[in-house]
Amino acid sequence: MDPIRDKIAHGQTLFGTWVGSDSRLIAELIGKTGYDFVLIDTQHSAVTAADLLGLIQTLDVHGPTLVRVSWNDPSLIMRALDLGAAGIIAPMVSTPEEALSAAQASRYPPDGIRSFGPVRRYYSADGQAGQPLCFAMVETAQAMDNLDAIAATPGIDGIFVGPHDLALSLGLGLAHSLTPPLLAAMDRIAEACRKNGIIAGCAALSLDAARELKDRGYSFIAVGADLAFVMQGAADNLAAIRSWSK
């Protein structure tokens, strides 16, 4: 089994982080920190199609690297996997049909429609060794209405929650914390994952939120991001400097 599936199957909770910079140097530094996985974000980031290969090459020597594609488009999914991603996260999946599209783009026939033209990575003919992970992002009210069907979609390895978009779609405003209504929705998602034997994943809003998600059954949690780390470190330094003159 691959490291992510194997560790989660043995009851471990995995913590990763995001890379949204186009800098391979920053990516290398993030990779060296030892997170369980790294997610390259091509949806809301500075990462372009031209950057993707270099970032994957830089990161996957340190551990599993997944890509959040910019849209649930089979061509984007297949390209990310051919370039060596260990898996993909498909955003804005609201129906089982959209979930199936993402799953099939991640699998060779007869299980899917992925075209065989590997650049850096492909899995074996029996479909077992190195099969990429496919996460469907649940982040809309429509997805909540279709939650059980999405979770039961063949080829979907897990659900990954986008708490900001989910809160907005549910009419809760921008999610600054795990409010009771948002937690209720996220508990439903975790339960759907348990029932269907798939991975419950989420982008954590904070370290405290990450701990709470772990306690609520989420086992694949992304905390923080490269650019946020840079900004926070610089801000903390400056705040300390400014305090000297007070």
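The values are calculated or read from the model by the stated rules, or taken from the named source; none is laboratory data. Since the model is a prediction, treat every value here as computed from it, not as a measurement. Quick reminder, even Gly has a Cβ in these numbers, built from the backbone with ideal geometry, and neighbours come from all protein chains shown.
In the range 38-46, is there at least one residue being of a type in the set (Val, Ile, Thr), in contact (Cβ under 8 Å) with a residue 40 or more places away in the chain and out of contact with any Gly (no Cβ under 9 Å at 6 or more places or on another chain)? So far as the range 38-46 goes, no, none of its residues is of a type in the set (Val, Ile, Thr), in contact (Cβ under 8 Å) with a residue 40 or more places away in the chain and out of contact with any Gly (no Cβ under 9 Å at 6 or more places or on another chain). Of the residues making up the range 100-110, at least one is buried (at least 20 other Cβ atoms within 10 Å of the Cβ), more than 16 Å from the chain's Cα centre (by Cα) and closer than 23 Å to Ala50 by Cβ.
Please pick out the residue among Asp51, Asp22 that is touching a residue at least 24 places away in the same chain (Cβ under 8 Å), of a type outside the set (A, V, I, L, M, F, W, C) and in a helix (DSSP H, G or I).
Numbers: Asp22 fails: in a helix (DSSP H, G or I).
Of Asp51, Asp22, the one residue that is touching a residue at least 24 places away in the same chain (Cβ under 8 Å), of a type outside the set (A, V, I, L, M, F, W, C) and in a helix (DSSP H, G or I) is Asp51.
Ile77 meets all of the listed conditions (1) within 16 Å of Phe160 (Cβ to Cβ); (2) assigned to a loop (DSSP other than H, G, I, E, B) but one, namely (2).
Quick one: which of Pro163, Pro154, Pro180 is surrounded by 15 or more Cβ atoms within 10 Å (Cβ to Cβ) and not small (Gly, Ala, Ser)? Steps first, please.
Numbers: Pro154 fails: surrounded by 15 or more Cβ atoms within 10 Å (Cβ to Cβ); Pro180 fails: surrounded by 15 or more Cβ atoms within 10 Å (Cβ to Cβ).
Every option except Pro163 fails the conditions.
Residues of the range 95-148 that are outside any strand (DSSP E or B), modelled with pLDDT of 95 or more and more than 17 Å from Pro74 (Cβ to Cβ): Glu139, Thr140, Ala141, Gln142, Ala143, Met144, Asp145, Asn146, Leu147, Asp148. Among the residues of the range 175-190, not a single one is modelled with pLDDT of 95 or more, within 27 Å of Asp60 (Cβ to Cβ), touching a strand residue (DSSP E or B) at 6+ places or on another chain (Cβ under 9 Å) and hydrophobic (A, V, I, L, M, F, W, C).
Filter the range 57-74 for residues that are part of a loop (DSSP other than H, G, I, E, B) and among the β-branched types (Val, Ile, Thr); which is farthest from Leu39 (Cα to Cα)?
Of all residues in the range 57-74, those part of a loop (DSSP other than H, G, I, E, B) come to 60-64, 69-73.
After this cut, where a residue has to be among the β-branched types (Val, Ile, Thr) as well, the list is 61, 69.
Working: Val61: 14, Val69: 10 Å.
By that ranking, first place goes to Val61.
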